[in-house]
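To start, the structure under review is shown below, and the notes come after it.
Read-outs throughout are calculated quantities, based only on the coordinates presented, and are distinct from any laboratory measurement. Everything numeric in this text was worked out from a predicted model, so none of it was measured. Because the Cβ atoms are built from the backbone with ideal geometry, glycine has one as well, and the counts that use them run over all protein chains shown.
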Amino acid sequence: MYLNLSKNSIENVLVLKELPTLVQLNLSNNKITECLDFTLDLCNKDKKWSQGDTSIGSMLTNVNLGFNNISTLNSLAHHPFLEVLMLNNNNIVDINGLSSLKFLRVLDLSNNSIKTTIGLDSLQIQELNLSGNCIADLSLLDTCPKLSSLDVSNNNIRTLSPLLKCGQLMWLNASNNQIELIRQCDFLSELNWLNTLLLSGNPCSLKQFYRRRVIGKLPKLFKLDASDVTPEEKIETANLLGGELSDVQGRKTIFHK
């Protein structure tokens, strides 16, 4: 049920079709070029045989294929129960073959050569890591209704507008991109569950009163970049930009008196 073959020189895993009860598989740090290209016997109305009722196909739920030589993703429909799929540090250019994975919750595609999010639309993923790619546009991520954790750091992103409808988003790392305007945070203002935001390494993080201005737009944040958002910061932000916590009006009243 649990197989760890990491840190070897494996190139081909077709023999795994002989393990019908395999649930968790670690093939990281090998020389594999194809993603789960083995198919297990499946008994259905189109393919029936004596005692074939025990052949229910792949039972894989957790797979780690990080640090291999995979360049293309073919359909993974023959592994329908996948919940966790780690494909970090490969040579993947396009995202394909994931649309049939209805149970996929965690997907790591970091440190590849991906340029577009096409292929991720309508997936039920909760945690997505796309850091270290060549992505400039986050379009289609708003079609992932359960997305709660997103890492798109170290890409070429200029706008956060596609995240406007990601209502379940709680954690966002967009550091080290090309975001120039602090007002890009306006696109996140309706995300009621967002509590952690990382924007350091963007041109906007060098602007005057950067932290105060971001906190002013996103007052529900618990953490911004490397440090927590303190109550003192919230008060200072309110006094600088105005708001419910501001005591500026009170000071004016006292001054006039």
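Details
- Answer label, with volume of the Cα convex hull per residue in Å³ calculated from the coordinates and candidates [x] 162; [y] 134; [z] 125: [y]
- The Cβ shell under 10 Å around LEU73 holds other residues with a net charge of -2, Lys and Arg each +1, Asp and Glu each -1.
- Burial order of peptide ranges 104-112, 8-16 (average beta-carbon count within 10 Å, highest first): 104-112, 8-16
- For the stretch 191-196, putting each phi into the Karplus relation 6.51 cos²θ - 1.76 cosθ + 1.60 with θ = phi - 60° gives couplings of 8, 5, 9, 5, 10, 10 Hz, in residue order, rounded to whole numbers and with x for Gly and Pro.
- In this calculation the C-beta distance from LYS7 to ARG183 is compared with R0 = 41 Å, giving a FRET efficiency of 0.30.
- Filter on LYS7/LYS115; LYS7/LYS31; LYS102/LYS220; LYS102/LYS146 - keep pairs with C-alpha separation over 20 Å: LYS7/LYS115; LYS102/LYS220
- Across the stretch 74-132, Cα pairs under 8 Å and at least six residues apart give a relative contact order of 36 percent.
- Charge sum, other residues only, whose C-beta stays under 13 Å from ASN177's C-beta, Lys/Arg counted +1 and Asp/Glu -1: -2
- Value of Rg/Rh across the stretch 169-247 [Cα atoms, Kirkwood radius]: 0.94
- Simple spin-label estimate for ASN91 and VAL106 in nanometres, 7 Å along Cα-Cβ: 2.8 nm
- The chain, relative contact order in percent, only Cα pairs under 8 angstrom and at least six apart counted: 9 percent
- Using R0 = 30 Å, the C-beta based FRET efficiency linking LYS257 and ARG211 works out to 0.35.
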